[in-house]
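Here the structure is laid out as structure tokens; the discussion comes afterwards.
Here, each number is a calculation from the coordinates, and none is a lab measurement. Model, not experiment: these values are computed from the prediction. Methodologically, a virtual Cβ is constructed for each residue, glycine included, from the backbone with ideal geometry; neighbour enumeration extends over all protein chains shown.
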Amino acid sequence: MSHAERILMGPGPSNPYPEVTEAMVRPVVGHLDPGFLALLDETNDRLRTVWRTDNPLTFALSGTGSAGMEAAFVNVVNPGDVVVVGVNGAFGERMCDVARRCRAEVVRVEAPWGQPLDPEQVLAAHPNPAVIAVVHAETSTGVRNDVGCLSHGKGDALLVVDCVTSLGGIPVEIDAWDVDLAYSGTQKCLGVPPGLSPFTVSARAVERFVERPQSWYLDLSMIADYVSAGGARAYHHTAPISMVYALHAGLGVLVDEGLEASWERHAACGAMLHDGLEALGLELFAEAGHRLPELTSVRIPADRLPDGMDEAACRRALLDRYGIEIGGGLGPVAGQVWRIGLMGHTARLRNVALLLAVLGEMLDG
């Protein structure tokens, strides 16, 4: 089966929820059509439920998770502001890059790849930062960083959290954790194609928006003005209609299942995968106690791969023969670690069983 044929097969183990597929082929209306605006409001209400927040400024930013990251920084970071960033993977590094482009003074708090950040070190890194930024679920390593314990010591700092790989898969508690700005992506645990960044902003962060952010398109003050005006809308940009349809449907599936049930499903799949990989004699990369159930990082010894295959060729064989797509390592662990995603619709025990059976046959084969 070719890659194109696999994509055209429709809903299945590696495709979006059927409800999402159906939503994306709905007739497209104008982005200011009253019916669409009603659906957009309902989508934002569903996002508040999933984010566990009452923030009025909660919406889907038109752009992927990286656009959400940039929007978070450009709207609250002034030149010369001190920004403390936790770095234990590729997306903590990206936060540093974005903050530097805002001409911030970046203070890095580092942990080795595969290990979690020490929250106390993050809080002690500077006496009075403007922003503290961390990645909740580090996609490059499969590590969960503690976020809730940062609220007690952040003082006047705004807390920015990357939830791209965590939202919908593990507990995220925006209001309870006193998070000020958070962003996610649609293509991970929400089970929706990429293209939108779920976003939420506290009232405290809105009060500290910079007057003229570097980006016009990502200027959240324009959207905040519409919200404070009681929902009246003026033209800002053309919303991606079909993507909003898809997100509305995906959030509907998640809300119907229940957040706790989704968290439990992801946890069960992650536990089965972790146990199965270790039973195959493989070493999990992320530190025990901080491993993500929805994204598992595992070392793949070169001497256990099929003859004539490197790790990239082995991953390609898994995709071509079985329709199983596995991510390779990034940065310093490229070529050494695989990243196995079980997110949204793909977090099913049957998928774990298939993967473990195939790996058991392929390794040392």
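Here, the chain has an Rg and a Dmax of 20.7, 65 Å when only alpha carbons are counted.
About its Cα centre, the chain has a charge dipole of approximately 540 debye under the convention of +1 per Lys or Arg Cβ and -1 per Asp or Glu Cβ, with nothing else charged. Candidates 272, 20, 351 compared by Cα position along the dipole of the chain: farthest toward the positive end lies 20, with charges placed on Cβ.
Among bridges DSSP assigns within the chain, what percent are antiparallel (round to 5)? Close to 55 percent.
Which value, in debye to the nearest 20, gives the size of the charge dipole of region 121-270 about its Cα centre, when Lys and Arg are +1 and Asp and Glu are -1 at the Cβ? It would help to have the intermediate numbers written out before the result.
Working: 8 positive and 16 negative charges, 63 e Å.
It comes to approximately 300 debye.
Ellipsoid fit via the Cα gyration tensor, region 17-106: semi-axes of 33, 15, 13 Å, each the root of five times an eigenvalue, largest first.
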